[in-house]
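**Q** Just passing along the structure, written as C-alpha cells.
Just so you know, all these numbers are worked out from the coordinates, no wet-lab data involved. This one's a predicted model, so the numbers in the text were calculated from it and none came from an experiment. We place every Cβ from the backbone using ideal geometry, glycine too, and count neighbours over all the protein chains shown.
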Ligand code: NAD
C-alpha cells in the first residue's frame, strides 16, 4: 500500500503477519508485484520535483508533524512493533521510538546546516581569481529495503533523512513486519506529506528484488550479507548506487582493569536485547583470563534473572524470536558448538514453560573456539559465547578474526588504552565501555567494514549518501584568458614545464617566480588575437 492508500492491481496472495509469541494474526498486506513497484516509483518520481523545490523548513514542518503523531501514539505503535517482531513493548519504546523521535528532531532542525553549500579551498587557483563551491542536491527516488529486527527505527530513520534531503521514497518493509511499515506511511500521510512521496510496497523477497532491479536513484538496503550481495548485483545492471547495511559478529573485549559488574550487565544486555536479533548484538565475548571466572559468574547470574514472556507482557525482558527460521539457526549453532566441546553455562534450548511461540532461552557458552559456527557466522539469537585471552595483542587478533566488521566494544578503566585498541579493531563503530546502542544516536555514522557493508547511514555521512554533490566553479577574472589555452608554442611548453616544477608545489613564492614567463605568454596570446 502506499502512504496515500493506493489500490494496487489484484494480487493472488496477501502476506499474513503473525505474532511470533502466539501465532495470532496481526494483519494482512498486499504482496506487491514488479508492476506495483514500477507504479510506485512513477508516483514517487512525479511527486519529488515539487518536494525538492520546498525549503528545508517546509519539509521539516511535515517531519515534525509526524513526530508529534508518533509521540502521542507511542504506546499503540510500540504494541504493534512488539506484536509483529516479538520484542518487549518496553524495548520497542526504548530502542525504536526514543531514537526515532530524537532523529526526527535532529534532521528536521539540522539538515539545512548539514547540507549547506561548501566553499572549497582550491589553493593557488584561488589566487588566480577562481572559486569553487559544492552544492548538495537530492538524488530523486530512494528505494529503501529493510529488515524485521528494527522494523520501525531502521526504515523510519532512512525515510526521514531521505525526505529532508528532498527525495521521494519507495519503501519495502520486511515480509515479517509489513504492518509496521504501513504504519510509518500512514503517520506521514496524516502529518501532511504530499501524495507519492512515501510509497510503501509490501511484499517478500520478490518485491524487494523488483525494487532492486528497478531504475531508482539509490538503494538503501539493510539485511543479510547474502541478500545484500543479490541487491548489489541487481543494482549494478542499472548502475544504481547502493548502501548496504549488513550483518555482524560483533566482539566485546573485557580487559582485566574493566569494571566487571558494569561489563557483565552490558554483555547480558548487548547479547540478549531483542533476543540477540540486532546486527550490533554482542556475538562474541573475549575476557582476560585473570577476570574471566568472576565476569562469567556474574554474566550467568544476571542471565538467570532475565524474565521471558511474550513481548506484550509487562514484565518481559526477552520476547519470542521473530521467526522459526531464526530460531532454527540458533539451534544449529548451539548444536555445532556443543558437539565441538562448548559448555552450556545457562539456557541452551527452548523454554519448557512457553508454548506456541518461537522462544529461545538466553544462553551463555564457555569453552568455545573459532572453529565453531557460533564464533564465525552470524547467530542472530540469544547466545553469548565467552572465550578468554592472555594479552592485548591476542584480544585484538581474536576480535579481527572475522569476515564481519560492524561494531565492537572494549571494556577498560583506562580510556587511553580503550582508544588505542579501538583504532586497531576492524569495525565501523568501536565503543569503549558501551555496547550495541549507537544506532540510536542520530548524529553518528552507522555502517560496517568488510562484509558488514558499504556506505553509511545516520549523521552527516549518512545524509551525504542521499544527495549528489555538484561542483560549481567560477572564474572571477573572465577577461584574462588562461595561459594553457591554444595555441601550444615552444614558449607555452616552457611555461608548462615551469608550472610543473613550481606551481604544482603549492607554494605561492615558487609560482611568483614564474611571473615573467606568464607575462610573456599573455603577450604572445594577445598578439595572436
Ligand atoms: P534479509 O536479507 O533476509 O531481508 C532483508 C530485506 O530484503 C527484507 O525486506 C526482504 O524481503 C528483502 N529481500 C529478500 N530477498 C531479496 C532480494 N533478492 N532482493 C531484494 N530484497 C530482498 O534480512 P532479514 O532477515 O530481514 O534481517 C536480518 C539481517 O539484517 C541480519 O543479517 C542483520 O545483521 C541484518 N541487519 C543489519 C543491520 C545494519 O545496520 N547493518 C541492521 C539490521 C539488520
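**Q** Evaluated at 37 °C with a viscosity of 0.692 mPa s, what Stokes-Einstein diffusion coefficient in µm²/s does the range 14-64 have when Rh comes from the Kirkwood expression over alpha-carbon pairs? Please list the in-between numbers first.
**A** Numbers: Rh = 14.2 Å.
My calculation gives 231 µm²/s for D.
**Q** Take peptides 256-265, 441-450 and line them up by average Cβ neighbours within 10 Å, highest first, as a rough protection proxy.
**A** Numbers: 256-265: 17.5, 441-450: 19.6.
Peptide ranking by packing, descending: 441-450, 256-265.
**Q** What FRET efficiency do you get for residue 353 and residue 13 if R0 is 41 Å and r is their Cβ-Cβ distance, rounded to the nearest 0.05? Intermediate results must be reported in sequence, preceding the final value.
**A** Details: r = 35 Å, r/R0 = 0.86.
For R0 = 41 Å, the calculated efficiency reads 0.70.
**Q** Roughly how compact is the chain, stated as its Cα Rg over 2.2 N^0.38 Å to two decimals?
**A** Numbers: Rg = 27.4 Å, N = 529, 2.2 N^0.38 = 23.8 Å.
Rg over 2.2 N^0.38 Å, computed on Cα atoms: 1.15.
**Q** While we're here: For an R0 of 25 angstrom, estimate the FRET efficiency from the Cβ-Cβ distance between residue 128 and residue 497 and round to the nearest 0.05.
**A** 0.85
**Q** Go ahead and estimate [θ] at 222 nm for the chain from helices alone: -39,500 (n - 2.57) per DSSP H run with n ≥ 4, summed, over the residue count, rounded to 500. Walk me through the intermediate numbers first.
**A** On the way: 20 runs with 220 residues, N = 529.
About -12500 deg cm²/dmol.
**Q** Continuing with the same structure: Among DSSP bridges having both ends in the range 250-443, what percentage is antiparallel? Round to the nearest 5.
**A** Details: 3 of 23 bridges.
Restricted to the range 250-443, the bridges split so that about 15 percent are antiparallel.
**Q** Another one. Neighbouring Cβ atoms within 10 Å as the yardstick, rank 431, 519 fewest first. Don't skip to the answer; put the middle values down first.
**A** Working: 431 22, 519 10.
Fewest to most other Cβ atoms nearby, the residues stand as 519, 431.
**Q** When the Cα centres of the range 199-271 and the range 380-443 are compared, how far apart do they sit, in Å?
**A** 18
**Q** Using the Cα gyration tensor of the range 371-466, with a ≥ b ≥ c the square roots of its eigenvalues, what is the shape: rounded (a/c below 1.5), prolate (a/b larger than b/c) or oblate (neither)?
**A** On the way: a/c = 1.93, a/b = 1.34, b/c = 1.44.
It is oblate, given that a/c is not under 1.5 and a/b is not larger than b/c.
**Q** In nm, what is the difference between 0.36 nm times the number of residues separating residue 397 and residue 485 and their Cα-Cα distance?
**A** Numbers: separation 88, 0.36 × 88 = 31.68 nm, distance 5.57 nm.
Extra length from residue 397 to residue 485 when fully extended: 26.1 nm.
**Q** For the range 250-443, what is the relative contact order in percent, using Cα pairs closer than 8 Å and at least 6 residues apart in sequence?
**A** Working: 381 pairs, mean separation 54.7, N = 194.
Rounded, it is 28 percent for the range 250-443.
**Q** Same structure, new question: Rounded to the nearest 5, what % of DSSP beta bridges with both residues in the chain are antiparallel?
**A** Working: 26 of 62 bridges.
Percent antiparallel among DSSP bridges in the chain is about 40.
**Q** Mind pulling the angle between the C-alpha long axis of helix 74-85 and the longest principal axis of the chain? Nearest 10 degrees, somewhere in 0 to 90.
**A** 70
**Q** Can you tell me how much longer the chain between residue 509 and residue 420 gets when fully stretched, taken as 0.36 nm per residue apart minus their C-alpha distance, in nm with one decimal?
**A** Working: separation 89, 0.36 × 89 = 32.04 nm, distance 4.05 nm.
Going from the current span to full extension adds 28.0 nm.
**Q** Now for a separate question. Per q in 0.14 Å⁻¹, report the Debye log10 I(q)/I(0) for the range 485-527, using one uniform scatterer on each alpha carbon and no solvent.
**A** At q = 0.14 Å⁻¹ the computed log10 ratios are -0.30.
**Q** Further question: Note down the nm distance, to one decimal, between modelled labels 7 Å out along Cα→Cβ at residue 297 and at residue 204.
**A** Label at residue 297, label at residue 204, 5.1 nm between them.
**Q** Order by neighbour count: 195, 58, fewest other Cβ atoms within 10 Å first, most last. Could the numbers behind the result be given before it?
**A** Working: 195 15, 58 10.
The order, fewest Cβ neighbours first, is 58, 195.
**Q** Using Cβ counts within 10 Å as a stand-in for footprinting exposure, how do 437, 488, 286 rank, fewest first?
**A** On the way: 437 18, 488 10, 286 21.
In order of increasing Cβ crowding within 10 Å: 488, 437, 286.
**Q** Can you tell me, using C-alpha contacts under 8 Å and at least 6 residues apart, the relative contact order of the chain as a whole percent?
**A** Values: 1154 pairs, mean separation 90.2, N = 529.
Relative contact order here is 17 percent.
**Q** Calculate, in nm to one decimal, what residue 24 and residue 118 gain on full extension: separation in residues at 0.36 nm each, minus their alpha carbon distance. It would help to have the intermediate numbers written out before the result.
**A** Numbers: separation 94, 0.36 × 94 = 33.84 nm, distance 5.32 nm.
Going from the current span to full extension adds 28.5 nm.
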